[in-house]
Amino acid sequence: MAAKTLIIDGKQVSAQDDATILDAATDAGIKIPTLCHLGGVYDVGACRLCLVEVAGAKKLFSACTTRVAEGMEVHTDTERLRKYRRMTLELLFAERNHVCSVCVSNGKCELQTLAWQNGMEHVGYDYSFPRWGVDATHHLFGLDHNRCVLCQRCVRVCWHIEGAGTKNVAGRGARSAIIDDLKQPWGDSETCTSCGKCVLACPTGALFNKGSTVGEMSRDLNKLEYIVNARLKKQWIALE
Amino acid sequence: MAKRIVIDPVTRIEGHAKISIFLDDAGQVSDAEFHVVEFRGFEKFCEGRPFSEMPAITARICGICPVSHLLASAKAGDAIMAVAIPPAADKLRRLMNLGQIVQSHALSFFHLSAPDFILGWDAPPATRNVFGLIAADPALARSGIRLRQFGQEIIEALGGKKIHPAWAVPGGVRSGLDEEGRARIRQRLPEAFATAEAALGIFLKALESHREEALIFGNFQSLFMGLVAPDGGWEHHGGRLRFTDSTGSVIADQIEPARYLEFLGESVQEASYLKTPYFKALGLPGGMYRVGPLARLNVCEHIGTPRADAELKAFKQMGRGAVTSSFLYHYARLIEIIAGLEAIERALEDPDLGSGDLRADAGVNSLHGVGASEAPRGTLFHDYTVDRSGLLKSVNLIVATGHNNLAMNRTVAQIARHYVQGDNIPEPVLNRIEHGIRCYDPCLSCSTHAAGQMPLRIRLVGPRGNVLREVVRG
């Protein structure tokens, strides 16, 4: 496979020609913030946190879905990008009801971590306080739509790692929601295998083990990548 | 012409409130009302949440007594799971509640109330507070602040943080107490005892020069309610409900807290966000009852630890049957600090505290659960109804300050009648009226499930509802 060379943040980087900018940056030790990206499943470029600037192009590109090109010059950390990332995070917080202090993922939440890492000190938009509910009909797991950021990581692991195809997205825009099967209570789903991969994949407190109390949800994302590597590469090596 | 005096806001209590004093045509006090002017709506917005989240959510009702809500809520969760929690979990919860009682009572005495009877009713309001106390008697103020810190450190040793620990959960607790934590608590006990004994001495000395206050600050007949042990002993977390009257006679005993609705009614006043519970069998106003330290010492027969029992004996001699003056809430609070310290000392020797068996696991086995615990200010009920999947359908919280609502109104009226003549009310008189409220150490943030600091307003109202004078402070 041919290699491409490019410049990321002034650093000469070499990457495989099918690599994404995110892959190339990660290999080179350059950290780009991500939320909907999840190792082991394909990327959808939904959250817009990994946006980068490419020299010569006016538009911004999502690093997780843009392939590297020879001679490409990428900037991952400019004032413009920092501003947009903070805006994106603020909009995510304003869209639903994220109350960190009483959340099962408090202290272990990717959204919360991104907010402080990216200098989000307050939310400049009016909170929309939508009325979303909790689906606690499954005997092991719960889904709190209030805390969902629609990253679709649960949908992708359900379809492409477990192969059950239980989780889906229904609706449009801000009214979009994660559903089970044909929008029925999770506990009534005939396809769900109760494997728990969706819960492992969730970056916030939206999917949780039932009975969890504040800050008790911890997830080991390496388990998902371990399963994928075992299946595709026949490697049974636990990831640190 | 009849008039109305309004004290708004009331200071050195937790929450927002005001007091209205009504004058008749002759300038005499005809009535007084205590209004709670804040609202938060926890009972409503918790609907739809999983019951397992409730201890941490309801702990956020208050920064002073989050532990009380945490424990009552966890108990309601235990009832929904229909489990008997591991014995070690119960002992650890009790230990945290004792830490809570010590820290909250220390706050009430040293920070909020003592400035009145140590610095004097007539001391300037700007210095009649804990800072004035620090200036006047730094050693005493320091020891009081450290006593509160001691209680907070017990909470931290168990729950990982002093305020809003999410430690008690339906089914038990999340962690035990290691030997290091025990040693830390044990080491500070002698100082805590010394401070509590000193505070008792100060109060009993102050009582000699405050005989009038003891007779006027909420001295009337009422019922008393509190949890008691099966043998009638002092309780703060387990046990069952007992009601006594002001002669000391037990009128209802060993009532399972889950049956509270059979005995308590709740009425709504137009002028306050605080609901008014009453003892159903006697209706209103005869069903007025008091809760909290005064009530707990009135309903119990003994405490079970030597120093506190000796003090309880002296306390009981201050009444005929029951001690009826709300001014003696302060005394009861100090006795409970000593009882709490002795119980903590005893609990630390229990090897169970280091047990790894701390949490029972179960799903929803009952669609209804009630948790009751003695908060520092009195009996606290959390009453939840859930659906099959454990989401809340309804929430009812009855908080200590709510139980005392009728008594606080009566206290304000009693003090106002004694001191107020016409609409020219000097500041020290206003302060005495406020102190009537402070005796109960009310937490209005909790009782309306609302938050904030406590400024005070008093309004003087004429017979036609016209506000003649309004004093605002804070």
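Brief remarks on what is shown
- Per-region count, region B:317-337, residues more than 20 Å from the chain's Cα centre (by Cα) and basic (Lys, Arg): 1
- Members of region A:100-121 found to be in a loop (DSSP other than H, G, I, E, B), touching a residue at least 12 places away in the same chain (Cβ under 8 Å) and either surrounded by fewer than 21 Cβ atoms within 10 Å (Cβ to Cβ) or not assigned by TED's automatic domain parsing to the domain that holds residue A:211 (or both), listed by number: A:106, A:107, A:108, A:118, A:119, A:120
- The residue of region B:222-251 that is farthest from residue B:294 (Cα to Cα), among those that are in contact with a Ser or Thr (Cβ under 9 Å, 6 or more places away or on another chain) and of a type in the set (A, V, I, L, M), is B:251.
- Here residue B:373 clears all of (1) surrounded by fewer than 24 Cβ atoms within 10 Å (Cβ to Cβ); (2) touching a strand residue (DSSP E or B) at 6+ places or on another chain (Cβ under 6 Å); (3) of a type outside the set (A, V, I, L, M) except the condition numbered (1).
- Counting only residues that are within 14 Å of chain B (Cβ to nearest Cβ) and under 19 Å from the mean Cα position of the chain (by Cα), region A:216-240 holds 2 of them.
- Residue in region B:418-442 that is surrounded by the most Cβ atoms within 10 Å (Cβ to Cβ), counting only those that are of a type in the set (Val, Ile, Thr) and either in contact with a Gly (Cβ under 8 Å, 6 or more places away or on another chain) or part of a loop (DSSP other than H, G, I, E, B) (or both): B:420
- Among the residues making up region A:66-94, those that are of a type outside the set (Gly, Ala, Ser), farther than 30 Å from residue A:128 by Cα and part of a loop (DSSP other than H, G, I, E, B) are A:66, A:68, A:70, A:72, A:76.
- Filter result (assigned to a helix (DSSP H, G or I), within 14 Å of chain B (Cβ to nearest Cβ) and crowded, with 20+ Cβ neighbours inside 10 Å) within region A:139-181: A:146, A:147
- Considering each residue of region B:175-186 in turn, none proves to be modelled with pLDDT of 95 or more, crowded, with 20+ Cβ neighbours inside 10 Å, basic (Lys, Arg) and assigned to a helix (DSSP H, G or I).
- Residue list for region B:399-417, restricted to those being surrounded by 24 or more Cβ atoms within 10 Å (Cβ to Cβ), under 13 Å from residue B:434 (Cα atoms) and of a type in the set (A, V, I, L, M, F, W, C): B:408, B:412, B:415, B:416
- Those strands (runs of 3 or more DSSP E) of region B:215-304 in which at least 2 residues are free of Cβ contacts under 8 Å to residues at least 60 places away in the same chain and either out of contact with any strand residue (DSSP E or B) (no Cβ under 7 Å at 6 or more places or on another chain) or not assigned by TED's automatic domain parsing to the domain that holds residue B:434 (or both), considering only elements entirely within it, cover B:240-244, B:250-255, B:264-267.
- Test: residue A:22 is in the same structural domain as residue A:150 (by TED's automatic domain parsing) and surrounded by 21 or more Cβ atoms within 10 Å (Cβ to Cβ): no
- Selection of region A:17-38 for residues being of a type outside the set (D, E, K, R) and under 18 Å from residue A:111 (Cβ atoms) yields A:32, A:33, A:34, A:35, A:36, A:37, A:38.
- Boolean, residue B:207 is surrounded by 15 or more Cβ atoms within 10 Å (Cβ to Cβ), at pLDDT below 95 and in a loop (DSSP other than H, G, I, E, B): no
- Some residue of region B:314-324 being surrounded by 14 or more Cβ atoms within 10 Å (Cβ to Cβ), part of a helix (DSSP H, G or I) and of a type outside the set (Ser, Thr, Tyr): yes
- Residues that are modelled with pLDDT of 95 or more, in a loop (DSSP other than H, G, I, E, B) and either touching a strand residue (DSSP E or B) at 6+ places or on another chain (Cβ under 7 Å) or charged (D, E, K, R) (or both), drawn from region A:2-18: A:9
- Applying the criterion of being facing chain A (nearest Cβ under 7 Å) and not charged (D, E, K, R) to the residues of region B:42-62, the residue that is surrounded by the fewest Cβ atoms within 10 Å (Cβ to Cβ) is B:48.
- Among residues of region A:188-205, those that are under 10 Å from residue A:153 (Cβ atoms) and in contact with a strand residue (DSSP E or B) (Cβ under 7 Å, 6 or more places away or on another chain), counted: 1
- Residue count, region A:126-138 (criterion: over 22 Å from the mean Cα position of the chain (by Cα) and facing chain B (nearest Cβ under 10 Å)): 4
- Of all residues in region B:63-89, those satisfying the criterion of being under 25 Å from the mean Cα position of the chain (by Cα) and away from chain A (no Cβ under 14 Å) are B:64, B:65, B:67, B:68, B:72, B:75, B:79.
- Filter pass, residue B:201 being under 30 Å from residue B:371 (Cβ atoms) and not acidic (Asp, Glu): no
- Residue in region A:25-38 that is surrounded by the most Cβ atoms within 10 Å (Cβ to Cβ), counting only those that are touching a residue at least 40 places away in the same chain (Cβ under 8 Å) and under 14 Å from residue A:66 (Cβ atoms): A:25
- No other residue among B:151, B:160 is modelled with pLDDT of 85 or more and either out of contact with any helix residue (DSSP H, G or I) (no Cβ under 7 Å at 6 or more places or on another chain) or under 22 Å from residue B:434 (Cβ atoms) (or both) apart from B:160.
- Filter pass, residue A:41 being modelled with pLDDT of 95 or more and not assigned by TED's automatic domain parsing to the domain that holds residue A:128: no
- Looking only at residues in region B:109-157 that are assigned to a loop (DSSP other than H, G, I, E, B) and touching an Asp or Glu at 6+ places or on another chain (Cβ under 8 Å), the one that is farthest from residue B:201 (Cα to Cα) is B:125.
- Qualifying positions in region B:376-394 - in contact (Cβ under 8 Å) with a residue 40 or more places away in the chain, away from chain A (no Cβ under 14 Å) and surrounded by fewer than 24 Cβ atoms within 10 Å (Cβ to Cβ): B:383, B:394
The values are calculated or read from the model by the stated rules, or taken from the named source; none is laboratory data. Note that the structure is a prediction, hence the values are computed from the model and not measured. Please note: Cβ atoms are built from the backbone with ideal geometry, for glycine as well, and neighbour counts cover all protein chains shown.
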